[in-house]
Amino acid sequence: MIKAYWIIFLSIILFTTSFAQDDRFSQLNSDNVKGYATPLVTTLGMGINSGGFHSASVAKTFGFSISLKGMMITVPNDQLTFKPSLPDGYNSDENAPTFWGEKGGSSYLGPNGYISLPGGIDEQSIPFAMPQVAVSFLGTEVMLRFIPTIKAGDEEINFFGLGVKHSVSQYIPLLPLDIAVQGIYNKVKFSDIVEGTNLAFNVHASKSFGIIALYSGLQYESSKFDLNYTIKGDPNSGDPTLRQDKEISAEVDGDNNFRFIVGGALKLALIVINADINLGSQTVFTTGLSFEF
Amino acid sequence: MRKNNKNIFIAGFFVLAFSFNGCLLDAFDTLTQELPYTYNLSISGDATTLESTATVNLDNNDFYDDNQGKINKIELVKLAYKTKEVNPENLQGNISLTIKQSNGTVIFSKSIPGNQPSLYTNNPYELSLTQQEIQLANTYLSNLSNKQLIITAMVSGLTEGPKSLEAEIFIVFEMDYDL
C-alpha cells in the first residue's frame, strides 16, 4: 500500500524536486531558465490539467466518485531545444537542450570565453498519476485533488486541486447528448523553491451507448510556476551574470493554452474505465479507473 | 470474472506506472554539465621563439570541487585561443598550443592558423580537435586522480627585439556525476 501511494504521487514529487536540483539550474541566468524550463512547466500543466472528466453527465440528485488517473505525456521534438539568450559577440545559431533535451550540455564561444548551459534528462515520454474525488448534487459536481504534506528531505511538498462542473444540458430539453462546463484550479508547492498554479476551463459533451460512453471537449488552460534557485557563481563563465553567486526568482509560463480531448469510457456497474487523448502543446494519453455511483 | 479483470487492470496500471517512473528516476540520478575554464598566458622577451605555460587544475571549478567523489567521467570537449594584448600590434609569429599530462608527456599539439596574433584579439579561435586528440586527452582524464593538464603556448618565427603577448586559453570539460 505504501508503494502504491508512493507511485501515485511520484510524478508530482519528481517534477517539483527537479527544480530543486540546483546544479542543473545554477548555470542558467533569468532569461535562459525560461527557455530551459518552459517545456517542463508545460508538461506539468498538461499532466495536472488532464483527467478532469470522462462524462458530461452530472447527477441531478446525488453522486460520488473516487478515481485514479494515469497519464503519459509526450514531448514533441521542437520542445527539446531552445535558442539561448547570449551576450553581444556570442552566436546562438545552435540551440541548447531544454530540460527534456539531450543529456550533454552546450557551450558557446565569444569574446569572454565559453558560456556553458546545462544538459537535459533525455526523456520524451513522461508518466503522471493523480487521485481525485468528486461529489455531485443538483447538476453540479465538485472535484477535489489533494495530497497531504509530504516531507522530501528538509523540504515539504503540497498539492491541492479543486474543480467545479455544471451540467448545461439539463436546461435544454430533448438534447440527445450531455453537455457540461468545468473550471479547475490546481496549486503545487515545494517549500519556498517552487510554486505552481494551473487553471483550466473547458466545455465538454458525452453520449452513452449502453455500457459505453464517448466524450469530447475543448479546454483553455494556463500554467505558471514561480521558481527560486541559486546561480553558482563561476568566474570562468563568459556570461557576466553567471560569475557571482546570485539568488534568482523566475516566473515560467507553460506553453499549454488550448487542448482538444476525445475519449471513451466503459461502465461496469460501479466501476468506470476510461481512456482519452488530449491534443495540445504536448499530447497526453489519459486513462482512469473510477468507482462511482 | 469482472473482479479478475479489475484486478488485472489495477495491477497493470501500477506495473506500468512503476516501470515508467523507474526509467524517469534513472534520468535524475546523474547530471552532465559542461564546465568552462579560463587560463592566462603571458609571453615576452627578445628571442625568435617564446613560450609560456599554465597548469589546468580541474579543482579550480566549484562544480568539480563540490562533486568530487561522485564524478563518473570527465572529458575535454573544447579548446579555444584568444589574444588579449600584443605588442607590437603587428607582431608576426606562428602560435601553437601543446597539451601535456602533469608529468610532461605530450597529449597533442595544435597550430593556430595565420601568423598574426592580433587576428584573435576579441575574436577567440576555437581549435578543431580530432577524435584521436580528444581520445588521447580523455584516456588520461579517465583516471580520475589525473586532475591536472599543462598547456604550453609557443610563438615561433618571431623577429628579434622586445615583444610581448598576453593570451587567454579557454577550455571546456564535460563532467558526468551522480546527484
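Per the listing B:T159, B:T130, B:T139, the residue uniquely surrounded by fewer than 16 Cβ atoms within 10 Å (Cβ to Cβ), within 15 Å of B:V86 (Cα to Cα) and not aliphatic (A, V, I, L, M) is B:T159.
Picking from residues in the stretch A:183-228 that are of a type in the set (G, A, S) and in contact with a Phe, Trp or Tyr (Cβ under 9 Å, 6 or more places away or on another chain), the one that is surrounded by the fewest Cβ atoms within 10 Å (Cβ to Cβ) is A:G183. Of all residues in the stretch A:230-255, those satisfying the criterion of being among the basic types (K, R) and without any contact (Cβ under 8 Å) to a residue 40 or more places away in the chain are A:R243, A:K246. For B:N72, the stated conditions hold: it is within 14 Å of chain A (Cβ to nearest Cβ), surrounded by fewer than 17 Cβ atoms within 10 Å (Cβ to Cβ) and either in a strand (DSSP E or B) or on the phi > 0 side of the Ramachandran plot (or both).
Count of the stretch A:60-80 residues, restricted to those that are part of a strand (DSSP E or B), away from chain B (no Cβ under 14 Å) and surrounded by fewer than 20 Cβ atoms within 10 Å (Cβ to Cβ), is 3.
Take A:D122 and decide whether it is within 9 Å of chain B (Cβ to nearest Cβ) and without any contact (Cβ under 8 Å) to a residue 60 or more places away in the chain. Yes. Got at least one residue in the stretch A:149-159 being among the hydrophobic types (A, V, I, L, M, F, W, C) and at pLDDT 95 or above? Looking through the stretch A:149-159, none of the residues is among the hydrophobic types (A, V, I, L, M, F, W, C) and at pLDDT 95 or above.
Per-residue answers, yes or no, for (1) of a type in the set (D, E, K, R); (2) in contact (Cβ under 8 Å) with a residue 24 or more places away in the chain; (3) farther than 19 Å from B:D46 by Cβ; (4) within 14 Å of another protein chain (Cβ to nearest Cβ):
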site: B:V106; (1), (2), (3), (4): no, no, yes, no
site: B:N123; (1), (2), (3), (4): no, yes, yes, yes
site: B:E126; (1), (2), (3), (4): yes, yes, yes, yes
site: B:L158; (1), (2), (3), (4): no, yes, no, no
site: B:P162; (1), (2), (3), (4): no, yes, no, no
site: B:E168; (1), (2), (3), (4): yes, yes, yes, yes
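Yes or no: the stretch B:58-69 includes at least one residue that is within 19 Å of B:L141 (Cα to Cα), facing chain A (nearest Cβ under 10 Å) and in contact with a Gly (Cβ under 8 Å, 6 or more places away or on another chain). Yes, that holds for at least one residue.
Please verify whether the stretch A:148-159 includes one or more residues that are surrounded by 21 or more Cβ atoms within 10 Å (Cβ to Cβ) and over 30 Å from A:Q79 (Cα atoms). No, because not a single residue in the stretch A:148-159 is surrounded by 21 or more Cβ atoms within 10 Å (Cβ to Cβ) and over 30 Å from A:Q79 (Cα atoms).
Considering only residues that are among the charged types (D, E, K, R) and either within 26 Å of A:S116 (Cβ to Cβ) or part of a strand (DSSP E or B) (or both), which ones fall in the stretch A:187-234? Once the filter is applied, which keeps residues that are among the charged types (D, E, K, R) and either within 26 Å of A:S116 (Cβ to Cβ) or part of a strand (DSSP E or B) (or both), the stretch A:187-234 yields A:K187, A:K189, A:E195, A:K207, A:E221, A:K224, A:D226, A:K232, A:D234. The condition of being in contact (Cβ under 8 Å) with a residue 12 or more places away in the chain, farther than 14 Å from A:N49 by Cα and more than 18 Å from the chain's Cα centre (by Cα) holds for only one of A:L227, A:L177, that being A:L177. Filter the stretch A:248-283 down to residues that are in contact with a strand residue (DSSP E or B) (Cβ under 8 Å, 6 or more places away or on another chain), assigned to a strand (DSSP E or B) and within 22 Å of A:A134 (Cα to Cα), then give me how many there are. Here the count works out to 15. When the stretch B:12-44 is limited to residues that are more than 7 Å from every other protein chain (Cβ to nearest Cβ) and surrounded by 15 or more Cβ atoms within 10 Å (Cβ to Cβ), the one that is modelled with the lowest pLDDT turns out to be B:L16. Contact map, the stretch A:82-101: residues that are basic (K, R) paired with residues that are part of a loop (DSSP other than H, G, I, E, B), Cβ distance under 8 Å, separation 6+ or inter-chain. Pairs shown: A:K83/A:S92; A:K83/A:N95. On the basis of being assigned to a loop (DSSP other than H, G, I, E, B) and either of a type outside the set (D, E, K, R) or within 14 Å of chain A (Cβ to nearest Cβ) (or both), does B:N138 make the cut? Criteria not met by B:N138.
The values are calculated or read from the model by the stated rules, or taken from the named source; none is laboratory data. Only a predicted model underlies this, so the values are computations on that prediction, with no experimental measurement involved. Here Cβ is always computed from backbone atoms with ideal geometry, including for glycine, and neighbour counts include all displayed protein chains.
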